[in-house]
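J.: To start, I am sharing the structure in question, which I have written as structure tokens.
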Amino acid sequence: MGELIHPQKTIEILQKYKFRFQKKFGQNFLIDAHVMEKIMASAAVTKEETVLEIGPGIGTMTQFLCEYAGHVAAVEIDRSLIPILQETLSAYQNVTVINEDILKMDIRQFVEEQNAGRPIKVVANLPYYITTPILMGLFESHVPLHSVTVMVQKEVAERMKAGPGSKDYGALSLAVQYYAKPRIIANVPANCFMPRPSVGSAVICLECHKNPPVQVKDEQQMFAMIRASFQQRRKTLANGLDHFPGITLSKEQIREKIRMLGLPADIRGEMLSLEQFAALSDAIAIK
Ligand code: SAM
């Protein structure tokens, strides 16, 4: 199964089609069978499930997914990869390749069509330059998801998993943890890819919550507030929120709200948990 994972096979198919890597599309193809096995074990896809793969490349991971899944939908932006995918996936009847920019697709509607709105799994070696917009797009448009198992830049995986007080903690940590439980599966060195990326990589599995771990009246406002609090990390929370669009409270009133939550008035945003941001957002509701 999955012969493309062997570097020699990858080279053969690339040469056959005279494929030229496009840096702007974040093309670093996986060529390590051990890492692929870890991704498959963590995604634990079954024949009852539909998988969305973002950026199939030459189809290395797609071949594995086709073996395990009921159906695979693979969205690839680079037109020159489509004829390659036709060849490398020709043995499989359970795959649909779509030549599209994932950021321009209505994925929620797509899942409705592909899987009658039932939750899907996302499995991918992501193009790193758009990791955050892809993940936030999936979460914020409330695509029904079981889990998201993805290769990302190592630092980004660490940011997704970080908790209050850590240097990696920020808006991305809070957004991801509102929607899912992150687990780092493996750190992956550059020699597992062709060509080698200039950054370290990691596989992260995001197990999606059925219900968010905190209740908040206005989700959008909470996230806008979180972003404002982290925009200038060195400022106190009260100073960060002072410039929050739409806020009518004075800085002293904001400090009072922070105190009422049992927190020091001069606390920095990076010390607040998701629960505390939710409580703060409810306490200073703007609408
Ligand atoms: N899955 C393959 C593998 O593991 O070897 C390729 C992974 S490579 C890191 C990322 C892939 O995403 C490339 O094939 C690239 O062309 C594709 N890609 C980049 N931007 C995209 C976008 N906006 N929409 C869909 N695919 C994209």
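The values are calculated or read from the model by the stated rules, or taken from the named source; none is laboratory data. What you see is a predicted model; the values in this text were computed from it and never measured. Here Cβ is always computed from backbone atoms with ideal geometry, including for glycine, and neighbour counts include all displayed protein chains. Keep in mind that these areas ignore ligands, DNA and RNA; they rest on the heavy atoms of the full protein, side chains included. Shrake-Rupley method; radii C 1.70, N 1.55, O 1.52, S 1.80 Å.
J.: When only Cα pairs under 8 Å and 6 or more residues apart are kept, what is the percent relative contact order across the chain?
T.: Answer for the chain is 15 percent.
J.: How many percent of DSSP beta bridges within the chain run antiparallel, rounded to 5?
T.: 50 percent
J.: What pairs from 154/217; 104/161; 121/257 go past 30 Å between their alpha carbons?
T.: In this structure, 154/217; 121/257 exceed 30 Å between Cα atoms.
J.: Another question about this same structure. Ignoring everything except DSSP H segments at least 4 long, calculate the 222 nm mean residue ellipticity for the chain; use -39,500 (n - 2.57) per segment, divide by total residues, nearest 500.
T.: -11000 deg cm²/dmol
J.: Also: For the chain, go through all pairs of different Cα atoms, get the mean of 1/r, take its inverse, and jot down that Kirkwood value in Å.
T.: Working: mean 1/r = 0.0492 Å⁻¹.
One decimal place: 20.3 Å for the Kirkwood radius.
J.: Follow-up. What do you get for the angle between helix 131-140 and the principal long axis of the chain? Use alpha-carbon atoms, 0 to 90 degrees, nearest ten.
T.: 70 degrees
J.: What share of Cα pairs, in percent, lie more than 23 angstrom apart in the stretch 1-115?
T.: 26 percent
J.: Can you send over the carbon and sulfur percentage of the accessible area for the stretch 1-80, probe radius 1.4 Å, protein chains only?
T.: Using a 1.4 Å probe with all protein chains present, the stretch 1-80 comes out at 51 percent carbon and sulfur.
J.: Suppose R0 equals 41 Å. What FRET efficiency, 1/(1 + (r/R0)^6) with r the Cβ-Cβ distance, do residue 285 and residue 101 give to the nearest 0.05?
T.: Approximately 0.65, to the nearest 0.05.
J.: Report, ordered by chain and residue number, the lysines lying within cross-link reach of residue 18, taken as a straight Cα distance under 17 Å and ignoring same-chain residues fewer than 8 apart.
T.: Output for residue 18: 9.
J.: What is the spread of the Cα atoms of the stretch 47-183 along each of their three principal axes, largest first, in whole Å?
T.: Between the extreme Cα coordinates on each principal axis of the stretch 47-183 lie 50, 30, 26 Å.
J.: Going through the stretch 28-65, which GluC sites (Glu not before Pro) have at most 11 other Cβ atoms within 10 Å and a DSSP loop state? Provide the component values of the computation, followed by the final result.
T.: Numbers: sites: 37, 48, 49, 53; in loops: 48, 49.
Here the sparse-neighbourhood loop sites are 48.
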